[in-house]
Structures are given as structure tokens and as C-alpha cells.
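The numbers here are math on the coordinates, done by the rules we state, and not lab data. No experiment lies behind these values; they were computed from the predicted model shown. FYI the Cβ positions are ideal-geometry reconstructions off the backbone, even for glycines, and counts take in every protein chain you see.
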Amino acid sequence: MAEEFAVRMVDITKTFGHVKANDKVYLELRKGEILSLLGENGSGKTTLMNMLSGIYFPDSGHIYVHGKEVVIASPHDAYALGIGMVHQHFKLVDVLTAAENIELGLPGKTMVDRKAVAAKVRQICDRYGFSVDPDKKVYDMSVSEKQTLEIVKTLYRGANILILDEPTAVLTPQETEKLFAVMRNMRDDGKSIIIITHKLNEVLAISDRVTILRKGEYIGDMDTAKADARSLTDMMVGRTVTLNIRRDTPVDPERRLEIRNLTVRDAEGVTRLDDITMDVYAGEILGVAGISGCGQKELLESIAGLQNTVSGSSVKYRPTGPDGPAEELIGQNPRTIAEKGVRLAFVPEDRLGMGLVANMTLVDNMMLKEYRAGKSPLVERKHPHDMARQIVRELEVVTPSIETPVRKLSGGNVQKVLVGREIAMEPTVLMSAYAVRGLDINTSYTIYRLLNEQKRRGVAVIYVGEDLDVLLQLCDRIAVLCGGRLNAILDGRKATKEEVGYLMTSLRKKGEVGA
């Protein structure tokens, strides 16, 4: 019976200090199947897969590969057993070609035999439906091409068991469908695949079975054909969760930001944002869609005073409507913007580099946003202390205490702290970049609810997201960026997923922007 399984993990336990990340977890992966691994943030999914791929070593338990008990003490051991993991953050060297990245780190390889690598890569691509140029530099690749290269690199090294961590996080719908077609081809060829994802619609579309973890424990598994989004969510969370995103019609929206001719060039002179003109209204959620690197980061950072812009760029803030006084934000830094009375909250993509200080506690990170407002030379800690407790309680942040350094929290819990802090500052403009990236579905819907509450209070909300289904359900209007340009502004209630996906990848000529 054991021979039908590619992998069995039995009673796997892993602790970090006093935290039990996995507690006697059981998982089985059959030959020639796609298994989705689901669970809330902190449920132990990544820890479990890190043990299967050799990054961590279990404290106790047993791992069987093709019916034989094995010891996996390193990624090298995992590869020797035919196990490869494609991480959410790619492990590629930008200045090297695809072929060089594929060969990098293989034993006994000092020179790359381009012809041999190209021939084997073509064989893999033809077999499963990939498209990889062995001579293309990584820095010239799109996100989709980089991910394809990571998978091909894993297959090149002989993997028959693949682990994909959030593989569709930054892909367009068209790219996602292409990836799913390839995954089905690999499954039909006998490969066994584990996919970690928070997108339930994708779980239902691609997987054969689902295994669910909760708080480090194995809850159960089921055939995907017998599952639906609600049953999976209830198993993950342990209670019934409402999966509806409420979207009220904006009431008397006022123009809050006027963005005109906004252009950003980087240090090398490359245009990252090209002549963006649009308005942002109080009491609405403006979504921003685009593949990674198309100007989303530069747009938000320009508004926040964190980017150098080209002469002629303008971002005006109107606190009392279109006829009231306007504050020019271009040329100002975040401190002067705040001193002008502009209550601007920003949840950046870089959580620990720009949003929070990793070595500071939750309380100290709350203090960062309000210490300049104090009139006493002594630092007041009661309000930040209360704010930290409120965020931990309302967003269910998993932390030993509010005095724990942020760096010791999981990525999802770090994001909860950052989003909660920015919303607690009662902004008039709230900008968020990938606010729910890495968050489980329960917390994600909590964030959507909080954003809608801000909208109803008259806050102008800008939401940069990667899940088009959410953008279409949550946002009143959707600005689509492509190659640093504004391709279109769509009505969120009328636009389709296919339309947004097409506009993300097909650059219109200037003057053709839809409204």
C-alpha cells in the first residue's frame, strides 16, 4: 500500500523555542497528483514543506519517500530523493543567463556546456509545455519567465516531487492558466506536486486533493471534487467565515488627490512611471492592477514623498473638496507632508525594510507614527501600548506579547501589525501595496472589511492588489498599469477579469486610456 504514495510524513513535530510550529502532523502525497496545502498564517505549512525540502530538520516523526523511510538533513538530500521546492521569492542570479542559473551549484560544474544545457532544457519544455530561452539574462525576464525558469531548474535536477509556494502570487490570469496547464501535464507524466496557496478558487481549479493544517496540527484532507470554498474555510479557521466582500456605492465622493503628468525615472534613467494623470476620490477604493514592476511601487511612493519625480509632475491634495485649498505633495518629504496636516497612511510592499523596524517591539513600532506629535520631552507609551493590544486582539496577531520584536513574527503577522497600525492613525488617504499578500483567507477578509470601513468614513483608499477576483469585488474603479503607463481606468462593477488581465500585458498608445 505504501508504494502508491510518493511522500508520507507521519507525526512530524517541529518547535522553535516555546512555539510548536508543527505538532504530530500527518501528510500524504500520492504519485501523479496535485495536492493543495491550506491553512491560516502560522498554521505550519511552510515549516512542514521546509522539512520536506531539507531546509529544517524535524524534532521527531518519520518521512517516507516512495515507501522507504528517509532522513532529509539538507536540500542536497532532498534533491537526491527527487524533491525540489520552488520558493515564492526566486533563488536566481540576475546577471546570469537561464542556462547558467540552471547549472549553478551542481557538483563538478565549473564550465557551462551551453549546447548540452539548451538541449536538455528544450526537451523539458517540449515535454511539459514550458518556454525558456537558455541564453536570456534573468534581469531581462518577466516574473512569469523567472518562475518558469525556477520550475525548469528543479526538473533539470531530477525532481519528481515538486513543492510550489504561492506560485500564482504575481501572475496575470492568462499566465496562471498557462502555469496550471503545465502543472497538469507534469501530473499526467507521473510527477507529484504540492502547492501552497491562499487562493481558494485556484485550489478548486487545479488540485486533486486538499490537506488542511490549523495552528500547527493536521485537521484532515479531502478530495477537491467534494469541497467548496466555504467547507475549506471552515476547516482552516475552525468556524464559519463570511466570504462576501461588501461594496457600497460611494456617497458624494470628493476629489482628494489630483495626479497630473506624474513621471519617475530611476538612477539609470529608466522611466518607471510615465506621465500618469488621474484623480483619487474620498469615499472610494481605487484599485491598481498591473504585473509586478509596472510602476505600482513608484506611484504610491511618489504620493508619499519617497520618490524623486521628473519636473512637471504634480500630486495635489485637496482636504476640503475640489474648490478648496490644495497642497502640492511633489517635492515634499513624508515629514513635511505630515506637518502640513495631510493625514497620509501607507502600507508599503517592503514590510520590514520600509514599513516596520524589525528589531523593535510591537509597541515601539506603534510609537514611530506619533512620536513627533508629543509636546513632552518624555516618550508617552500608554497610547501605543493600547494600540498594539487592540491590533493584536482585532486582527488575531499571533505573538508571545506586544513587547516581542517584530522580526520574530511570521510574515503574515508582520503584515497584520503594519496594516493595523496605519488604519489606527485615522488617515484621510490610505494607500496599501499588497495588503493581504501572505495572509490567510480569514485575515484577508478582515482587511477587506477594514478598508471598506475606511471608505465609508470618507477616506480615499488606494489598493494595489495582485488578486484580480478581489480587485473586481472590492474596488469602485481600477487603474490598470502596463509598462509604467496608465492603460485604462475601469469601472470595478463592470470590468471583467479577462479585460483587466489583457490590459495588464498589452500597452495602449498614448491618448487611448479608457475611463
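Values for this structure:
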{"item": "Qualifying GluC sites (Glu not before Pro) for segment 20-73 [loop in DSSP, other Cβ within 10 Å: at most 13]", "result": "none"}
{"item": "Where trypsin sites (Lys or Arg not before Pro) fall in DSSP loop in segment 138-168, at most 15 other Cβ within 10 Å", "result": "Arg157"}
{"item": "Selection from Gly238, Gly492, Pro405, by position along the positive dipole direction of the chain (Cβ)", "result": "Pro405"}
{"item": "Listed residues Asn261, Val429, Ser131: farthest to the positive end of the dipole of the chain (Cβ charges)", "result": "Val429"}
{"item": "Cα-centre dipole for segment 2-237 with unit charges at Cβ (Lys and Arg positive, Asp and Glu negative), debye to 20", "result": "280 debye"}
{"item": "In nm, spacing of pseudo-spin labels at Lys31 and Lys497 (7 Å Cα→C-beta vector)", "result": "3.4 nm"}
{"item": "Leu273 long-range amide H proximity, modeled H, under 5 Å", "result": "Val264"}
{"item": "Sites matching trypsin sites (Lys or Arg not before Pro) across segment 291-359 that sit in DSSP coil, with at most 16 neighbouring C-beta atoms within 10 Å", "result": "Lys340, Arg343"}
{"item": "Sorted by Cβ density within 10 Å, fewest first, the residues Cys475, Cys294", "result": "Cys294, Cys475"}
{"item": "Segments 404-412, 426-434 sorted - mean Cβ within 10 Å per residue, highest first", "result": "426-434, 404-412"}
{"item": "Zone of Lys91's modelled label, taken as backbone nitrogen in segment 134-153 under 15 Å from a point 7 Å along Cα→Cβ", "result": "147, 149-153"}
{"item": "Spin-label zone in segment 205-239 - amide nitrogen under 18 Å from a point set 7 Å from the Cα of Thr13 along the C-beta vector", "result": "214-219"}
{"item": "Nearest-0.05 FRET efficiency for Lys215 and Asn185, computed from C-beta distance (R0 60 Å)", "result": "0.95"}
